[in-house]
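Only one structure is covered here, and it is reproduced in the block below.
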Amino acid sequence: MPSNDTQAEAMEQTPVHVDHLIDNGELAAENAWCVSYDAQTLPEQRPAFVPLALWQNNQADTELAPLLASDTELNAELASELKAAPAVAVDFPAFTDGRGYTIARLLRERYGFTGEIRAVGDVLVDQLDYMRRCGFSTMALRDDQHPEDALRALNAFSVRYQTDVEVRQALFEKRLATTH
């Protein structure tokens with residue numbers, strides 16, 4: 001019987017394909033992309049998100065896109081390099097790990113990234129509105145999450161108090177502007 005370490009290693013090397021994908025606020029009809037966490041070997045299945053270093057070494061392959069770990073240190077040089085990618089995936093290893101939100105927001109606001117930013121990994125319905133507000137355009141739901149619930153969650157709030165990548169003026173600023 002294989003050990004838990006062997007089983008975990010095999011899972012890490014198997015490309016993951018998610019059935020439920022929210023793309024720009026709608027349920028996508030299909031998801032062509034798989035996610036590979038194997039940092040050594042290119043997956044046979046394409047198109048694929050692969051770990052950043054593997055993508056950097058294979059940028060000529062247009063069917064590959066970078067998968068950013070939640071601890072990726074984003075700087076101007078890396079952000080400039082990512083602009084050449086067809087899309088960027090940001091991994092959420094656990095729903096309690098919020099570093100991916102920062103990566104997406106920095107890509108959009110500081111570095112002007114306009115392409116697809118996809119949330120992958122432990123993505124729950126409860127996170128979707130915040131993900132969109134931080135700059136994610138696409139969210140790959142964890143298998144146990146229901147797409148109908150996800151669509152409802154994305155439309156649960158009609159007014160936001162804080163600014164985000166879509167709304168640059170806070171609610172109190174709007175109110176002040178209308179009273180003066």
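Things to note:
- Anisotropy class of region 12-127 from Cα gyration tensor, a/c 1.5 cut: rounded
- Additional length obtainable on full extension of the chain from GLU63 to GLU81, 0.36 nm per residue less Cα span: 4.9 nm
- Once backbone amide H atoms are built at 1.01 Å from N, VAL90 has LEU68, ARG118, ALA119, VAL120 as its partners under 5 Å, excluding neighbours fewer than 5 places away on the same chain.
- Working note: Karplus 6.51/-1.76/1.60 with θ = phi - 60° gives region 22-31 the couplings 9, 10, 6, x, 10, 6, 6, 5, 8, 10 Hz, where Gly and Pro are set to x.
- Cα shape, region 64-144, gyration tensor, a/c 1.5 rule: prolate
- Highest to lowest packing among 127-136, 85-94, scored as the average C-beta count within 10 Å: 127-136, 85-94
Here, each number is a calculation from the coordinates, and none is a lab measurement. This structure is a prediction, so every number in the text was calculated from the model and none was measured. Neighbour counts run over all protein chains shown; Cβ positions are idealised from the backbone, glycine included.
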